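Here's the structure we're looking at; comments come further down.
The values are calculated or read from the model by the stated rules, or taken from the named source; none is laboratory data. The model shown is predicted, which means the values in this text are computed figures rather than measured ones. Cβ sites come from the backbone with ideal geometry, for glycine too, and all protein chains shown count toward neighbours. Just so you know, the surface numbers come from the protein's heavy atoms only, side chains and all, with ligands and any DNA or RNA stripped out. Shrake-Rupley method; radii C 1.70, N 1.55, O 1.52, S 1.80 Å.
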Amino acid sequence: MAAKNLLEIENLHTWFELKKYGFVTVGNVRAVDNVSFTIEKGEAISLVGESGCGKSSLAKTILGLYNPREGHINFAGTVLDSSDEEQMDWYRAKVGYVQQDPYGALPPFMTLKKILEEPMKINGIKDSEERIQRIKETMEELKLTPVDDFLSKFPHMLSGGQQQRTVIARALVLDPDLLIADEPVSMLDASVRIEILELLQKIQHERDLSVMYITHDLSTVRYFSKRIMVMYGGKIVERSPVGDLLDNPAHPYSIALLHAISEPDAENVDTYKEVPSGEPPSLLNPPEGCRFHPRCKYKIDGLCDEEIPPDFGCGMEGHQVACWLYRQEGEGIPDDS
Amino acid sequence: MEERKYLDIEDIELFFSTSEGTVRAVDKVSFGLPRGESMVVVGESGCGKSSLGNAILRLLPRNTEKYEGHVFLNSEDLMSLSDEKFRHDIRWNRLALVPQAAMNSLNPVIKVQDQVAEPLLVHDMVDNKEQAKDRVVKSFRRVGVPTDFLQRYPFELSGGMKQRVSIAMSLVTEPDIVILDEPTSALDMLTQANIMNVLKRIKEELGISFILITHDIGTSSEIADRAAVMYAGQIVEYTDARNFFGDPLHPYSIKLMSSVPRLDVDKDLDYIPGQPPSLLNLPEGCYFAERCHKRFEKCSQEPPLFEVEDDWHVKCWLYK
Ligand SMILES: Nc1ncnc2c1ncn2[C@@H]1O[C@H](COP(=O)(O)OP(=O)(O)OP(=O)(O)O)[C@@H](O)[C@H]1O
Ligand SMILES: Nc1ncnc2c1ncn2[C@@H]1O[C@H](COP(=O)(O)OP(=O)(O)OP(=O)(O)O)[C@@H](O)[C@H]1O
Ligand SMILES: [Mg+2]
Ligand SMILES: [Mg+2]
């Protein structure tokens with residue numbers, strides 16, 4: 001393992017068995033299908049993709065909530081073994097998790113103090129003064145101030161943004177090395193989204209924290225991470241430095257995603273958007289070959305619909321794309337389009 | 001007196017009573033929409049967007065405490081109609097609404113073609129089932145649902161297809177105005193873009209007016225001729241889309257616009273500190289003052305909606 005890497009994911013597969021009548025296996029939902037990547041210590045990386053492409057399944061597998069069918073997770077030099085309880089306890093304390101759906105995330109009948117104390121109690125921090133001290137520090141970091149006013153509040157007394165900051169505080173109170181933030185701001189208004197992303201970024205720098213930021217909203221990634229991965233149909237189809245992907249997307253799916261975003265501009269009324277029709281693939285019966293080929297206007301018959309493309313370089317440092325168009329150096333999306 | 005717009009809303013109010021007091025969800029809202037034009041209503045969660053849509057369609061919850069004002073449609077005051085007449089002559093017929101999360105409220109045990117046909121049959125707009133089916137097929141084609149989906153049940157459709165079915169249902173009676181409450185916010189980006197294309201085409205071909213309710217400002221620009229910004233139950237700015245997306249005037253609109261992340265420019269983003277006031281307990285003066293970067297003495301009094309330029313209304317003392 002390269003010394004700088006905090007997390008190394010290798011050939012991870014998470015499939016969900018789909019059963020009929022409770023016992024007849026109909027097939028597998030291939031939510032995570034052969035995914036590999038690394039996160040360095042102190043690095044923020046974004047994972048984007050549309051609803052149902054497997055982002056949360058990947059996050060939960062990394063967190064040890066799902067057992068992978070195949071593949072390895074290497075954290076800080078240790079290959080995780082899900083049957084080793086002691087090791088998993090150590091690991092869970094090192095990884096903070098902000099789950100999707102902030103509204104269901106906080107227990108309604110607990111005060112903020114209780115909510116934030118809970119993870120420390122579970123992880124054996126017995127000194128109650130130390131617990132309070134940590135709670136206060138974390139709340140201050142997340143601008144839940146004046147702290148004393150907030151400690152006795154219940155979740156329903158908080159705005160959506162404050163609730164979300166509480167969820168983040170809970171994930172950070174054990175001082176983890178890695179934070180997995182699954183759509184941490186998607187449910188919030190744009191007017192408060194940026195505040196929370198900026199706060200998260202500041203904390204990431206100050207704590208030298210590794211962060212995996214999961215979102216379906218491509219337009220926020222630039223403000224958060226340096227590296228980005230695009231997921232489609234359970235697979236990572238493109239990975240790149242953020243700026244590079246936004247300026248020169250390589251995968252036809254990434255290109256379509258960027259086209260689909262509406263910038264607030266009055267000119268938009270006059271033009272139609274160029275987006276592929278069709279729907280995201282079924283993960284139960286995914287298409288052969290490249291998962292995107294049924295929607296792709298550059299499809300190469302006999303190749304894209306038959307063989308799964310490996311990662312190819314596409315000219316720029318650290319920019320890789322799983323698309324057959326790039327199988328020869330210097331080639332890519334045909335010009336005529 | 002000013003000439004009435006095709007749809008003309010005047011001082012409409014919708015208050016709810018709760019155990020904690022009165023919620024002023026729609027607080028003296030006025031605007032006019034010319035025939036065939038589309039507008040968006042944008043604003044933060046809880047500012048009263050859905051309530052405004054419901055108020056226009058007279059869809060009132062049980063705990064409605066106050067429902068007043070005027071809704072003129074082609075100069076006829078709809079408020080003077082009986083509930084019965086409103087239901088029969090106006091709702092679906094001339095004004096339709098696709099409610100928030102409509103795709104999840106399709107009836108799971110009825111085939112989609114029968115659900116979409118329902119408004120036609122209920123309103124005696126067709127003579128027989130065959131005619132109804134023709135209209136349904138037409139409506140499906142318009143929104144891009146393959147006609148072999150006619151016989152399906154909602155659970156057999158993806159989210160995007162269900163949303164299209166909901167829109168098809170609102171179009172089947174060919175109303176003049178369709179209110180769409182957050183029609184794409186639960187959908188994928190590509191599906192969202194596809195549906196916005198569909199709406200645009202319908203607007204062009206049929207001349208239907210859409211009132212699009214959304215908190216997604218980027219998407220809202222896709223079909224907006226005009227834009228209304230709502231804050232704490234009130235409209236604080238109402239103008240042509242070019243004005244709004246180009247150079248909004250109200251400090252709230254300005255902040256709202258600069259909090260939208262952009263792909264094309266690497267600009268610094270802004271956010272609005274604090275949170276909107278509770279609609280149960282509104283402050284004196286301008287409701288936005290507490291969070292406003294341009295606040296001055298005058299703001300302790302409530303500003304009226306000033307007409308800054310022709311057709312550009314701003315509720316802020318800066319534009320007196
Ligand atoms: N526990 C489970 N059992 C069976 N199928 C599952 C399970 N969890 C997820 N899935 C399926 O796996 C696929 C990927 O789901 P996942 O939640 O990972 O997507 P996502 O990218 O996080 O989507 P979203 O953006 O909507 O959160 C979906 O088809 C989903 O229905
Ligand atoms: N029946 C009701 N009784 C009491 N309060 C209500 C009722 N319906 C809505 N409200 C409240 O009225 C306010 C406006 O709600 P509304 O649903 O119109 O907001 P919105 O702008 O559509 O929000 P969102 O963007 O979250 O959909 C909110 O504070 C809401 O809690
Ligand atoms: Mg998810
Ligand atoms: Mg609403």
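Tally the residues that are open to solvent by less than 40 Å² (accessible area, probe 1.4 Å) and more than 7 Å from chain B (Cβ to nearest Cβ), restricting the search to region A:259-281. Going through region A:259-281 one residue at a time, the tally reaches 1. In the set (1) surrounded by 17 or more Cβ atoms within 10 Å (Cβ to Cβ); (2) in a helix (DSSP H, G or I), the condition left unmet by B:Arg242 is number (1).
Summed over region B:67-97, residues that are assigned to a loop (DSSP other than H, G, I, E, B), of a type outside the set (A, V, I, L, M, F, W, C) and open to solvent by less than 30 Å² (accessible area, probe 1.4 Å) total 0.
Against the conditions (1) of a type in the set (Phe, Trp, Tyr); (2) within 15 Å of ligand 1 (Cβ to nearest atom); (3) modelled with pLDDT of 95 or more, A:Phe75 satisfies every one except (2). Residues of region B:152-205 that are farther than 29 Å from B:Gly46 by Cβ, among the charged types (D, E, K, R), away from ligand 1 (no atom under 16 Å from the Cβ) and more than 12 Å from chain A (Cβ to nearest Cβ): B:Arg152, B:Glu174, B:Asp176, B:Glu205. Scanning region B:206-220 for residues that are at the interface with another protein chain (Cβ under 8 Å from one of its Cβ atoms) and surrounded by 24 or more Cβ atoms within 10 Å (Cβ to Cβ) yields B:Ile217, B:Thr219, B:Ser220. Residues that are in contact (Cβ under 8 Å) with a residue 12 or more places away in the chain, surrounded by fewer than 18 Cβ atoms within 10 Å (Cβ to Cβ) and closer than 30 Å to A:Ile203 by Cα do not occur anywhere in region A:297-305. Of all the residues in region B:1-57, those that are assigned to a helix (DSSP H, G or I), within 16 Å of B:Tyr238 (Cβ to Cβ) and open to solvent by 10 Å² or more (accessible area, probe 1.4 Å) number 1. Listed by position, the strands (runs of 3 or more DSSP E) enclosed by region A:1-79 that each have at least 2 residues that are more than 24 Å from B:Asp188 (Cα to Cα) and touching a residue at least 24 places away in the same chain (Cβ under 8 Å) are A:5-20, A:24-40, A:70-75.
Has region B:102-115 got at least one residue that is more than 28 Å from B:Ser185 (Cβ to Cβ) and modelled with pLDDT under 95? Taking every residue of region B:102-115 in turn, none turns out to be more than 28 Å from B:Ser185 (Cβ to Cβ) and modelled with pLDDT under 95.
Here B:Met103 clears all of (1) open to solvent by 40 Å² or more (accessible area, probe 1.4 Å); (2) in contact with a helix residue (DSSP H, G or I) (Cβ under 8 Å, 6 or more places away or on another chain) except the condition numbered (1).
A quick yes/no check of all residues on (1) closer than 15 Å to A:Cys314 by Cβ; (2) modelled with pLDDT under 95:
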| site | (1), (2) |
| --- | --- |
| A:Ile228 | yes, no |
| A:Lys235 | no, no |
| A:Glu238 | yes, no |
| A:Val242 | no, yes |
| A:Ser254 | yes, no |
| A:Asp265 | no, yes |
| A:Thr271 | no, yes |
| A:Pro276 | no, yes |
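The residue that is farthest from B:Ile223 (Cα to Cα), among those in region A:282-296 that are away from chain B (no Cβ under 14 Å) and touching a residue at least 60 places away in the same chain (Cβ under 8 Å), is A:Asn285. The number of residues in region B:139-157 being of a type in the set (Ser, Thr, Tyr) and free of Cβ contacts under 8 Å to residues at least 12 places away in the same chain comes to 1. Considering region A:35-79, and only residues there that are open to solvent by 20 Å² or more (accessible area, probe 1.4 Å) and within 14 Å of chain B (Cβ to nearest Cβ), the residue that is farthest from ligand 2 (Cβ to nearest atom) turns out to be A:Gly52. The residue list A:Met187, A:Met157 contains one member that is within 16 Å of ligand 2 (Cβ to nearest atom) and over 28 Å from A:Leu7 (Cβ atoms), which is A:Met157. A:Thr111 meets all of the listed conditions (1) closer than 20 Å to A:Tyr213 by Cβ; (2) touching a helix residue (DSSP H, G or I) at 6+ places or on another chain (Cβ under 8 Å) but one, namely (1). Note on region B:256-281: residues that are open to solvent by 30 Å² or more (accessible area, probe 1.4 Å) and touching a Gly at 6+ places or on another chain (Cβ under 8 Å) amount to 4.
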